[in-house]
Amino acid sequence: MEKSPQILCLGEILVEIMRTERDVPLDRVGTFAGPFPSGAPAIFIDAAARLGASTGYVAVCGDDAFGQVNLQRLQSSGVDTSRMRIAPGYTTGIAFVSYRADGSREFLFHLRQSAAALLGPGDVDPGWFSQASWLHITGTALSLSDSSRQACYRAVELAHENSRIISFDPNLRPELLGVEQVRKICAPVLSKARVVLPSGAEAAMLTGLSDLDQACRALLNFGPEMVVLKRGELGSKLFTVQHEVEVPSIPVMEVDPTGAGDCFSAGFAVACLENLPSAEAARFANIVGALSVTKLGPMEGAPTRAQVNRYL
């Protein structure tokens with residue numbers, strides 16, 4: 001049997017096309033930069049590969065130039081794309097993005113109608129997903145389409161049956177699905193994940209608790225051994241049944257925050273697989289996430305191992 005990469009992820013593939021100036025809404029004529037390769041799980045796996053991990057990605061892209069942008073980027077970073085599929089007749093997913101002065105963003109997606117939404121359980125190679133050491137699942141892949149969600153559930157089953165580590169980043173937008181639907185589709189993953197990596201808003205959404213510490217403690221009741229709260233420039237906070245610890249980040253000049261949480265998750269997975277204690281793994285992940293915001297484009301700031309090591 002062919003050996004699986006150490007870290008696996010599956011989900012959407014898309015390009016982001018971004019406003020070059022802030023406070024220019026998408027309903028106005030203006031200029032854009034891009035295309036930049038993107039997709040939350042794709043950002044995660046690209047960042048893990050750049051840190052030196054053995055990685056593989058499963059997704060569907062169109063037979064077009066935007067698909068090639070993504071394939072070339074992942075392959076150049078060292079990601080095994082042999083299980084990625086090209087869908088003739090479909091376009092690769094696209095997201096148009098504008099930035100506001102307060103740091104918030106506006107998105108216009110062409111995704112559910114794209115090749116990305118064709119991902120299904122048949123794309124999940126049992127050999128790969130039963131062997132890999134670490135499987136990362138994102139909420140975006142759960143919400144992309146019914147078939148994509150079932151692919152994620154199948155991957156989780158295979159990893160869980162073989163006692164592999166499963167991490168979950170519940171990066172879902174309740175305004176698109178509704179809070180109750182978000183909780184419903186996340187439940188099968190939460191119950192089997194060993195590590196959950198929410199933002200504060202996501203922890204509150206999943207538990208109904210506005211106090212973020214209480215929300216993270218409540219998430220432990222779903223089954224995870226550890227909850228890692230992503231706190232942006234403040235760093236992160238680890239929660240287990242036995243202890244809680246705050247881990248600071250490093251100061252950087254922010255250019256583009258897109259993908260920072262995915263890069264953080266990648267750093268945490270890589271560090272954990274290298275047997276770093278959890279607080280040290282969070283410190284490593286904080287640096288990865290911080291450095292990722294210093295360039296325009298979701299994947300462009302993802303650091304190499306050498307760049308991270310300068311801050312350790």
What's the Cα-based Rg to Rh of the stretch 228-275, Rh via Kirkwood?
0.99
Placing +1 at every Lys and Arg Cβ and -1 at every Asp and Glu Cβ, with all other atoms neutral, what dipole size does the chain have around its Cα centre, in debye to the nearest 20?
240
With a Förster distance of 25 angstrom and the Cβ-Cβ distance between S76 and F109, calculated FRET efficiency to the nearest 0.05 equals 0.45
Restrict the search to the stretch 201-287; then list the GluC sites (Glu not before Pro) that DSSP places in a loop and that have at most 11 other Cβ atoms within 10 Å of their Cβ.
none
For the stretch 199-298, which semi-axes, largest first and in whole Å, follow from the square roots of 5 times the eigenvalues of its Cα gyration tensor?
23, 16, 11
Bins of 5 Å, beginning at zero and ending with the bin holding the largest distance: percent of Cα pairs per bin for the stretch 248-312, please.
4, 22, 31, 26, 12, 4, 1
How big is the stretch 116-252 by Rg and Dmax over its Cα atoms, in Å?
15.1, 44
Give me the distance between the Cα centres of the stretch 201-224 and the stretch 80-135, rounded to whole Å.
27
Using the charge dipole of the stretch 19-67 (Lys, Arg: +1 at Cβ; Asp, Glu: -1 at Cβ; taken about the Cα centre), state which of F44, G67, A33 has its Cα farthest towards the positive end.
F44
Given bins 5 angstrom wide, list per bin the percent of all Cα-Cα distances in the stretch 6-55, short to long.
5, 19, 20, 16, 13, 12, 8, 6, 2, 0
Percentage relative contact order, the stretch 132-201, counting C-alpha pairs under 8 Å, at least six apart:
38
Hey, can you rank 152-164, 105-117 by average C-beta count inside 10 Å, highest first?
152-164, 105-117
With each run of n ≥ 4 DSSP H residues scored as -39500 (n - 2.57), what mean residue ellipticity at 222 nm is computed for the chain after dividing by its residue count and rounding to the nearest 500 deg cm²/dmol?
-11000 deg cm²/dmol
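Just so you know, all these numbers are worked out from the coordinates, no wet-lab data involved. Keep in mind that what you see is a predicted model, and the values were worked out from it rather than measured. Note: ideal-geometry Cβ built from the backbone for every residue, glycine included; neighbour counts use all protein chains shown.
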